[in-house]
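So the structure is just underneath, and the comments pick up after that.
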Amino acid sequence: MTLLTLALFQARPAFHSADEALATLNSAMSRAAAAGADMLVTPELYLSGYGSAAAARGAAQDLGSQTLHAAAQIAAEHRIGMVLGYPERCGRALYNSAAVFGRDGRLISNYRKVALPNDFERDCFVPGIGPEAFEFEGVRCSVLICYDIEFPELARRAALLGTELLLVPTALRAKWRFVSDAIVPSRAYENAMFVGYCDFAAEASNSQFSGASSICAPDGQHLCRATGPEDLILATIDTTAVQQRKSDFDFLQDLKGIGCATSPIAKIA
């Protein structure tokens with residue numbers, strides 16, 4: 001049994017400077033630490049705000065930049081892990097990325113979004129290559145970003161790596177609220193994993209986002225959900241629930257006997 005308390009920071013949507021973003025993040029990390037969190041997740045592209053190519057390019061960070069070093073110091077100061085959504089510069093390429101820092105501020109993983117859903121992202125970013133697994137406090141974790149989780153194949157790839165907790169920074173628009181309501185818990189259920197899905201807040205002045213961040217259990221149930229405005233929500237996950245869910249039936253194991261990849265597709269007359 002491994003217990004881990006996860007916090008989701010449903011931040012206000014804003015195009016802000018790196019210093020402003022870090023100051024707000026530091027406050028959220030302080031509150032999360034006081035509440036007993038082991039790790040905090042931010043929304044997608046938290047560091048720049050979502051939807052502006054100029055803002056993304058202006059806030060883009062190389063791995064090892066002063067701004068990412070400052071974020072790492074925040075994690076170390078509060079002694080909790082962090083998943084930070086940010087625009088990453090690598091040579092001439094720009095990625096929609098999420099950096100994962102440990103309690104000591106060490107960079108554990110850096111994930112680059114694979115599925116780019118709109119003109120803003122396709123014009124601005126290069127796709128990554130898919131999830132990898134890493135250990136945090138004895139829990140096997142992976143990261144996907146926003147649209148990635150709408151592809152069953154990407155969540156399944158994470159599951160096949162042994163992922164127990166899938167961390168998903170997102171910028172979900174209000175009109176696609178179905179994703180947070182139905183698809184996210186389905187991914188948790190079909191892959192026997194916990195999913196932490198962190199969106200931007202829905203505000204009267206900027207209601208384009210769903211503001212429906214949630215943490216889902218391997219049985220597909222929501223452990224906690226945000227209500228719309230800026231919020232910090234927490235839930236403690238127990239990895240024994242992963243094995244309990246698999247003891248009922250294990251999709252990953254049973255899939256081997258189905259042969260979906262080689263089954264012929266019947267033609268419809």
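Some notes on this structure:
- Top-ranked residue of region 127-140 - restricted to ones that are assigned to a strand (DSSP E or B) and of a type outside the set (A, V, I, L, M, F, W, C), ranked as surrounded by the fewest Cβ atoms within 10 Å (Cβ to Cβ): 135
- Number of positions in region 40-61 that are acidic (Asp, Glu) and over 20 Å from residue 141 (Cα atoms): 0
- Elements of type strands (runs of 3 or more DSSP E) contained in region 10-126, each with 1 or more residues being closer than 26 Å to residue 212 by Cβ and of a type in the set (Gly, Ala, Ser): 81-90, 93-101, 107-112
- For region 166-190, the set of residues classified as surrounded by fewer than 24 Cβ atoms within 10 Å (Cβ to Cβ) and either in contact (Cβ under 8 Å) with a residue 60 or more places away in the chain or of a type in the set (Val, Ile, Thr) (or both) consists of 179, 183, 190, listed by residue number.
- Verdict on residue 216 being within 15 Å of the chain's Cα centre (by Cα), in contact (Cβ under 8 Å) with a residue 40 or more places away in the chain and buried (at least 24 other Cβ atoms within 10 Å of the Cβ): no
- Yes/no for residue 60 being on the phi < 0 side of the Ramachandran plot and touching a helix residue (DSSP H, G or I) at 6+ places or on another chain (Cβ under 7 Å): no
- Counting only residues that are of a type in the set (Gly, Ala, Ser), in contact with a strand residue (DSSP E or B) (Cβ under 6 Å, 6 or more places away or on another chain) and touching a residue at least 60 places away in the same chain (Cβ under 8 Å), region 21-56 holds 6 of them.
- Taking the listed residues 84, 68, the one that is under 19 Å from residue 199 (Cβ atoms), aliphatic (A, V, I, L, M) and surrounded by 21 or more Cβ atoms within 10 Å (Cβ to Cβ) is 84, with no other qualifying.
- Positions within region 113-126 being under 20 Å from residue 160 (Cβ atoms) and either of a type in the set (Lys, Arg) or surrounded by fewer than 16 Cβ atoms within 10 Å (Cβ to Cβ) (or both), in sequence order: 113
- Within region 225-263, if we keep just the residues that are part of a strand (DSSP E or B) and touching a residue at least 60 places away in the same chain (Cβ under 8 Å), the residue that is farthest from the chain's Cα centre (by Cα) turns out to be 238.
- Members of region 221-254 that are crowded, with 17+ Cβ neighbours inside 10 Å and in contact with a helix residue (DSSP H, G or I) (Cβ under 6 Å, 6 or more places away or on another chain): 232
- Criterion: under 19 Å from residue 132 (Cα atoms) and in a helix (DSSP H, G or I) - qualifying residue of 188, 182: 188
- Selection status of residue 220, in a loop (DSSP other than H, G, I, E, B), closer than 23 Å to residue 245 by Cβ and at pLDDT 95 or above: yes
The values are calculated or read from the model by the stated rules, or taken from the named source; none is laboratory data. All values derive from a computational prediction rather than experimental measurement. All Cβ positions, even for glycine, are placed from backbone atoms using ideal geometry, and neighbour counts span all protein chains on display.
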